[in-house]
Structure formats: C-alpha cells, structure tokens
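First comes the structure, then the notes that go with it.
Each reported figure results from applying straightforward, stated rules to the coordinates on display, with no laboratory input. Note that the coordinates shown come from a computational prediction; the quantities given were computed from them, not determined experimentally. Counting neighbours? That spans all protein chains shown, and the Cβs are built from the backbone with ideal geometry, glycine included.
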Amino acid sequence: RHKFWETQPVGQFRDAADASLPNGPIEPPTPLSEVRADPYPLPAAFEWLTCDLDDDALLADLYSLLAHNYVEDDENMFRFNYSPAFLRWALKPPSFFRAWHIGVRAKESKKLVAFISGVPARIRARDDVVRMAEINFLCVHKKLRSKRLAPVLIREVTRRVHQENIWQAAYTAGIVLPTPITTCRYWHRSLNPKKLIDVGFSRLGPRMTMSRTVRLYKLPDAPLTPGFRRMELRDVAAVTRLLRAYLARFVVAPDFDEVDVEHWLLPQEDVVDSYLVESPETHEVTDFCSFYTLPSSVLNNANYATLKAAYSYYNVSTKTPLQQLMNDALIVAKRKNYDVFNALDVMENESFLKELKFGPGDGQLHYYLYNYRIRNGIKPSELGLVLL
Ligand code: NHW
Ligand code: EN5
C-alpha cells in the first residue's frame, strides 16, 4: 500500500494492535560517519539547490512555487498563499539550518520545481524533551506529480537532519499516512460572512437570510477585557513563563524558551499577532492569545482573489476566561479585516469553539512523528503543538 512509508521508522498500521512496542525512538541513532555523505540522486534533468531565503529573488521563486502548487482543499476551491514574509519567519527561527531549506530546480531553465524544509525544535513527548526537525512546505510542481519525487525529497531532508545529529521529526498533513499520533478537525469562525458565502467558503444556513447571517456574526469594535493589548518585546519573559507553565499540561508540546518566544510570538505585521492581558492593578501578565496570518487564493471566482484567514496559534488563560480571551482575539482579527478565524480542536480549544460560533470545517489535520512511537496515540486535547 505505502511502498515508501513501509520502509521508514514510523508507526506502521500493522503495529497498531501490538501493546509490547515501547514508547519512544523506533530506531537508535547511527554514528554520524555512517550518515550518507552525498545527496540522493535526482532524475537527470534536475538538481538540488540549498535555498538562501535572505535572497529576495529566491524567496520570490519559492513564494510563487507554493502559491501555484501547494495545498488545496478537497474541492480545489482554495489554495494556501503563504506570504514571502511569512515564509522567512517560518523557515528562519533561532539556530535554523540553511541546509534544511531544500529546493529542486530544472538544470536547464533553473526554474524551482520542488521544495521541502525543516526547522529545528525541541518537542516534549510525555517526560522526554527531544530535538526534532519540523518538516513543512513539501511541494512538487503540478506537472511533476506522481513520479515518486516526494520520497526523494523526504529522504534528502532526512539525511540533512541526520547530519546535524537529529533523529526525530514532527509534521502534519491533510492526508492519512502511517500513522497519525492524533487527528484534528479545523473549525472556522466567519468574520465576513457575506464574502465567505460569495466565494463558496461557507453556505447560507437553512432558513437564514444574508442580513440575519451578518447579524449573527457581528462583533464589537474593540476588545472588551480591561488591560488587553498587543504583546511587546518587554513582555517576552512574562509570556515565556505563562506559556511554559501552560504547555507543561499537554502530552506533546514544544519546549519554548525566551529566544523561541521572541521569534515565534512577537508580533510581525501580517505574519503573527499576539495579545496579552496586563492586569490594570498589578501590571502582571495573566493571559495571552495569538494567531498567524495565512491567506488562501480563491480559485475561479470573478469577485475575489484571496481570503484573509487568521489561524489560532498559542493561547493561555489564567485569569480571563479562555472564551472571553478568544472573543477579544476575534474582535481584533475582525478589526484587521480578516475574513475568517480558523482553529484546530487542540489544547483547550473545544471549550470555546461552539460558544464563539465556530463551525466544523471539511478538512482534517493529522499529526505525525518520525522515528518516535506514541503507543495508542493521543487525543487532540492532549496536543499542545501548532505547526504552520
Ligand atoms: S503537508 C503538505 C504537503 N504538500 C502538499 O500537499 C502540496 C500539494 N501536493 C504536492 O506538492 C505539510 C504533492 O502531491 C506532494 C507529493 C509533494 C505532497 N507527506 O512524488 P510522489 C508538509 O509539508 C507520499 C508525506 O509520487 P506526489 C509535511 C505518498 O504517501 N508523504 O507523490 C511533509 C507516497 O508514498 P507511499 C507524502 O503527489 C512531511 C509518495 O509520497 C505526502 O507527486 C514529509 C508518493 O510520492 C505528504 N504530504 O508528491 C514527511 N504526500 O509510501 C517528513 C504524498 O504511500 C518525514 N506522500 O507510496 C520526516 C523527515 C525528516 C526526518 C528527520 C529524522
Ligand atoms: C500543513 N501545515 O481542506 C498543512 N481546509 O476545514 C497541510 N474548508 O478551509 C495540511 N471544500 O470547511 C492542510 N468551510 C490540510 C487542510 C487543507 C485545506 C482544507 C478546510 C479546513 C477548509 C472550508 C472550505 C471548504 C470549501 C469546500 C470549510 C465551511 C466553513 C463554515 C463557516 C460557518 C460555520 C460552519 C463552517
């Protein structure tokens, strides 16, 4: 069934019933001297390209490859449209490896035709903090599909990760592969219902008129919680403390330090937004919420070219109820002209989704670990990890 994945150190479907298999690494590291020294061979017309994302021309080529060939929904109505600034942020976290930004180009035309990337992360699984690669942006040009290029890209990124003495990875996909640690559902909260209906992202509910729908999703003009404000550089230590304490509750979660928080959570216009509640009395930072910006191209619509979507990222509530905090996140997203606010049913998100008028989407997101077994998997609510 899975000619490639059957050869890889991942949980296999046939092992699901085997209670004797231990949690943790599936195979041990090999000595670095035994890691293959040269790149895997590509078909003769193509060559590897280690990408320099500080090079604006290269970044523009990557942006364009993804904008035309990356993930679509099941009816091919929308395609993710990660911005150049977002790609730079996603791919250049603290201590990133340039060698993990892997392109494939046509030798003759020099056109970028495929890509895969990794970034380093410390991810905790139960009590075990593991150095991992987060693998993302695997993409093969539409004209080169089904030629088994993806396994070559995956083997090559694996080799380059091994060269850094890292033996585990985390990744997500909309398709089922051997074997998910958990399967999450996307939920969507309409901010601009008229546009969402016009582009076919959502439908007018039965016995609903457009004006009733617009009224249903109306939000206040400004956040309601006293002390709610944008995160600043001076907040990094406080946010790190809040987030570390919160993420400790989940079975699988990133192990963020202040350097990570500054990169992943300090606001960047149209890339990542973070807000917190600073107590007006004590000036203590008690709550935190964040979302990242990922527009989708609208395919084949006469009126609109893009949907502006916010994706819930990391949220922590200690004083302000999570539902109230997320309502303020919806209010600022609406104010900033987002059309929809998306969230997964990870962490404690179930506690506010229905109440805040999110509806279930038609897409799922499966989470995977490479070379690390979590027997029986976990529930989405036990997952404290959001990948971009
Ligand atoms: S998920 C988004 C992936 N990208 C897209 O969906 C974009 C649109 N599609 C494409 O570009 C986020 C192509 O369809 C792709 C496949 C390139 C997806 N993950 O070349 P072939 C990520 O980026 C397997 C893993 O003929 P293709 C996460 C498939 O099961 N495997 O197909 C990436 C089959 O193997 P099998 C995937 O359609 C995580 C083989 O590829 C996959 O021309 C990567 C077919 O290859 C997917 N999303 O190209 C793994 N899609 O065994 C990282 C297909 O079933 C692992 N396949 O025969 C960790 C590595 C690091 C380890 C370090 C220690
Ligand atoms: C790696 N980082 O399917 C990611 N999106 O539900 C790779 N559906 O937007 C894997 N089909 O349900 C990504 N509207 C896997 C996801 C790929 C993209 C995808 C889904 C997630 C999506 C929308 C549009 C469907 C269009 C037809 C959807 C319904 C919204 C409605 C709003 C009002 C309340 C009820 C729900």
Just name one of Ile331, Gly359, Val316: the one whose Cα is farthest towards the positive end of the charge dipole of segment 309-388 (beta-carbon charges, Lys/Arg +1, Asp/Glu -1). Val316
For the charge dipole of segment 170-233, defined by +1 on Lys and Arg C-beta atoms and -1 on Asp and Glu C-beta atoms about the Cα centroid, which residue among Pro178, Pro226, Gly200 has the Cα displaced farthest towards the positive pole? Gly200
Mind giving me the FRET efficiency for Arg98 and Arg241? R0 is 41 Å, r the Cβ-Cβ distance, nearest 0.05 is fine. 0.80
Taking the Cβ of each residue in Val259, Val10, Val340 as the centre, tally the other Cβ atoms inside 10 Å and list the residues starting with the fewest. Val259, Val10, Val340
Taking every Cα atom in the chain, find the radius of gyration and the maximum pairwise distance Dmax, and write them in Å. 21.4, 67
Order of Ser20, Ser290 from fewest to most other C-beta atoms within 10 Å? Ser20, Ser290
Scan around Arg124 for amide H atoms under 5 Å from its own, H built in the peptide plane at 1.01 Å from N, and keep only partners 5 or more places away or cross-chain. Val130, Ala253, Asp255
Residues whose placed amide H lies under 5 Å from that of Glu134, excluding near-sequence neighbours: Val119, Ala121, Ala170
Translational diffusion coefficient (Stokes-Einstein; Kirkwood radius from C-alpha pairs) of segment 270-388 at 10 °C, 1.306 mPa s, in µm²/s: 99 µm²/s
Give the aspartates and glutamates whose C-alpha is closer than 17 Å to that of Lys110, dropping any in the same chain fewer than 8 places away, or say none. Glu47, Asp52, Asp55, Asp56, Asp61
Does a label point 7 Å from the Cα of Lys3, set along Cα-to-beta-carbon, have any residues of segment 124-145 with amide nitrogen under 15 Å, and which are they? 145
Answer with one residue from Ser290, Ala133, Tyr217: the one whose Cα lies farthest towards the positive end of the charge dipole of the chain, charges on Cβ with Lys, Arg +1 and Asp, Glu -1. Tyr217
Candidate lysines - alpha carbon under 16 Å from Lys218, same-chain residues fewer than 8 apart omitted: Lys194, Lys195, Lys334, Lys336, Lys354, Lys357
How high is the FRET efficiency from Lys111 to Leu177, r the C-beta distance, R0 30 Å, rounded to 0.05? 0.60
Could you list Phe86, Phe97 in order of exposure, starting from the residue whose Cβ has the fewest other Cβ atoms within 10 Å? Phe97, Phe86
For segment 238-321, which GluC sites (Glu not before Pro) pass both filters: DSSP loop (anything but H, G, I, E, B) and at most 16 other C-beta atoms within 10 Å? Glu269, Glu281, Glu284
Roughly how compact is segment 1-51, stated as its Cα Rg over 2.2 N^0.38 Å to two decimals? 1.66
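Dipole of the chain, Cα-centred, from +1 at each Lys and Arg C-beta and -1 at each Asp and Glu C-beta, to the nearest 20 debye?
Computed charge dipole of the chain: roughly 1280 debye.
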What does the charge dipole of segment 268-388 about its Cα centre add up to, to the nearest 20 debye, if the Cβ of each Lys and Arg holds +1 and the Cβ of each Asp and Glu holds -1? 420 debye
Applying a 10 Å radius around every beta-carbon, put 236-249, 180-193 in order of their mean neighbour count, most first. 180-193, 236-249
May I ask you to compute the full-extension gain from Lys379 to Thr318, defined as 0.36 nm times their residue separation minus their alpha-carbon distance, rounded to one decimal in nm? 19.7 nm
Low-density loop trypsin sites (Lys or Arg not before Pro), segment 319-349, at most 15 other Cβ within 10 Å, DSSP non-H/G/I/E/B, are Lys319, Lys336
Per-residue HN-Hα couplings for segment 300-307 [Karplus 6.51, -1.76, 1.60; θ = phi - 60°; Hz; x = Gly/Pro]: 6, 10, 6, 9, 9, 9, 9, 10
To the nearest 20 Debye, how big is the dipole of segment 171-254 about its Cα centre, given +1 on the beta carbon of each Lys and Arg and -1 on that of each Asp and Glu? 300 debye
Apply the Karplus parameterisation 6.51 cos²θ - 1.76 cosθ + 1.60, with θ equal to phi minus 60°, to every residue of segment 259-266 and state each ³J(HN,Hα) to the nearest whole Hz, in sequence, with x for glycine and proline. 5, 5, 4, 4, 6, 7, 10, 5
In nanometres, the difference between 0.36 nm per residue of separation and the alpha-carbon distance of Ser211 and Glu232 is 3.7 nm
If amide hydrogens are placed 1.01 Å from N in the peptide plane, which non-local residues have theirs closer than 5 Å to the one on Arg185? Asp345, Leu365
Grab the beta carbon distance between Val35 and Lys336, set R0 = 30 Å, and tell me the FRET efficiency rounded to 0.05. 0.10
